[in-house]
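Written out below as structure tokens is the structure these notes cover.
The values are calculated or read from the model by the stated rules, or taken from the named source; none is laboratory data. Treat the numbers as computed from the prediction; the structure is a model and nothing was measured. For neighbour counting, all protein chains shown are included, and Cβ atoms are generated from backbone atoms with ideal geometry for every residue, glycine included. Note: accessible area is taken over every heavy atom of the protein model, side chains too, but ligands, DNA and RNA are not part of it. Shrake-Rupley method; radii C 1.70, N 1.55, O 1.52, S 1.80 Å.
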Amino acid sequence: MRLGYWIEEAGPVEPRPPLAAAREADVLVVGGGYTGMWTAWYARQLEPEARVVLLEAEEICGHGPSGRNGGFCNAMWFSLASMRDRWGAEGALATAHAAQAAVERIGSFCEEQGVDAWFRRAGYVQVSTAPAHDCSWLDAVEACQEMGVPEMLQPLRQDEVGARCKSQACRGGAESPTSATVQPARLALGLRQKLLDAGVEIHESTAVRSFQEAGGGVEARTDAGSVRAARGVLAVGSAAKARHGPLRSRLTVASSHIVLTEPVPDVLEQLGWTGGECITDSRSLLHYFRTTEDGRIAFGWGGGRIAMGARTKGRAEVDAAVIATAADHLHDYFPQLRGHRITHAWGGPIDASPTHLPTVTTLGQGNAFVAAGYTGNGVGPSNMVGRTLASLPLDKDDEHTHLAFVDAKTPRVPPEPFHWIGGESIRLAIEKKEQAEMQGNQPDRLSAAVAKVPELIGFHIGR
């Protein structure tokens, strides 16, 4: 299925009509995923009279990566050490607290607005599945201890991991206890409906053909209309990497695919996996897995082929070979599932930041802002970024506009086709290296050397 189980389960909604005229606005948002919709929501909260127009290229807002991800609603405590290295202790801690506040805001939004997005508070556990990955979370745990928030990451022995989920593959780990899970499409579509109720003007099936700063504001042109606004926000995900995209030199495009089992409550009982924890391993080409309200296991893999330049526009592009590999990995982690049906499989491109951290960039004359770079961890952080993007175009000088990811320096990626050639070579080397590690073998020297290249040039791969 192209769109996946979450969107199917959330049910159909009536599309909004495409833009078919010239419009004026105070804030123009291009992109109807989490980032764009949270931006519009908070802009209306800050300025209830503001005219907010949102344009989405797809038929329905939230039917892109926002509606088909794993639904891990996490803060950024596992990234605290890397954030400190880049932004210093003060900037890192402020961002981590802002990301935690975003998780809380999402829970409050669901409760207060009556959005049944299956929001469930549950720990996020990172585990080791090979001796080479043991204690890969140690820097983050030590950073939390050194910066006065030891409760945000708790190391776990193998038996403590097993008390949460008895996968035969899992060794030790660490847990972020203040995380949550959601049904991502329910959250996206619920937010979409609340925007409509709040008077945000949404136009779907409306691809923006040009976007420019003009006359002290911004102007977006579509096939049948245009929007002029005082300020603009581009929240277009991996499309920002396209040939003429505003972040083409700051993003890569990776892929992520998920397989979903039939309901298996007996297996979950056998595994002791009844607390709703969301789990990742510690591989660079990571696996991520969680349970659902109806007793299924969703198992994802971020090891698919890298998309090249403008060939992807954020649409789901299911790769049958990657799905087959993900299914094999599912059974490696949970052999109890052999003989149980996989009912759904889906996937597509995601925008990936060289730092593994989101970024907000001011464009040109300062009338427009662009955000991207969640690298597969956007459910919680997109709310944080959306809150920042609501303040920036409304000229609010507050704690949200001074977070460290705003106009932060990030490594540049090579132009195409060199980025794609190099990225695929590195991905294949990492895959080969990690296969050897999972089998308890020493990786060959060439694969190990190529896999180390990202670290040597300041790029962050994996958790």
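Quick notes on this one:
- The range 363-390, residues that are among the polar types (S, T, N, Q), open to solvent by 10 Å² or more (accessible area, probe 1.4 Å) and over 13 Å from Ser66 (Cβ atoms): Gln365, Asn367, Thr375
- Subset of the range 251-294 that is open to solvent by 10 Å² or more (accessible area, probe 1.4 Å) and of a type in the set (A, V, I, L, M, F, W, C) - its residue that is modelled with the highest pLDDT: Leu268
- Summed over the range 61-74, residues that are hydrophobic (A, V, I, L, M, F, W, C) and open to solvent by 10 Å² or more (accessible area, probe 1.4 Å) total 1.
- The residues listed here are Pro358, Pro393; of these, the one that is crowded, with 24+ Cβ neighbours inside 10 Å and without any contact (Cβ under 8 Å) to a residue 60 or more places away in the chain is Pro358.
- Yes/no for Ala352 being closer than 22 Å to Gln126 by Cβ and touching a residue at least 12 places away in the same chain (Cβ under 8 Å): yes
- Among the residues of the range 77-111, those that are open to solvent by less than 10 Å² (accessible area, probe 1.4 Å) and either within 19 Å of Ala404 (Cβ to Cβ) or in contact with a Ser or Thr (Cβ under 9 Å, 6 or more places away or on another chain) (or both) comprise Trp77, Leu80, Met83, Ala92, Thr95, Ala96, Ala99, Ala102, Val103.
- Every residue from the range 4-17 that is surrounded by 18 or more Cβ atoms within 10 Å (Cβ to Cβ) and either on the phi > 0 side of the Ramachandran plot or in contact with a strand residue (DSSP E or B) (Cβ under 9 Å, 6 or more places away or on another chain) (or both): Gly4, Tyr5, Trp6, Ile7, Arg16
- Ala40 open to solvent by less than 30 Å² (accessible area, probe 1.4 Å), over 30 Å from Arg290 (Cα atoms), more than 13 Å from the chain's Cα centre (by Cα) and small (Gly, Ala, Ser): no
- Scanning the range 130-158 for residues that are touching a strand residue (DSSP E or B) at 6+ places or on another chain (Cβ under 9 Å), in a loop (DSSP other than H, G, I, E, B) and open to solvent by less than 10 Å² (accessible area, probe 1.4 Å) yields one hit, Leu153.
- Here the range 76-121 is the region considered, the condition is being touching a residue at least 40 places away in the same chain (Cβ under 8 Å) and in a loop (DSSP other than H, G, I, E, B), and the residue that is nearest to Thr178 (Cα to Cα) is Met76.
- Filter pass, Glu434 being closer than 23 Å to Ala235 by Cα, surrounded by 14 or more Cβ atoms within 10 Å (Cβ to Cβ) and modelled with pLDDT under 90: no
- Residue check for Arg248: at pLDDT below 70 and open to solvent by 10 Å² or more (accessible area, probe 1.4 Å): yes
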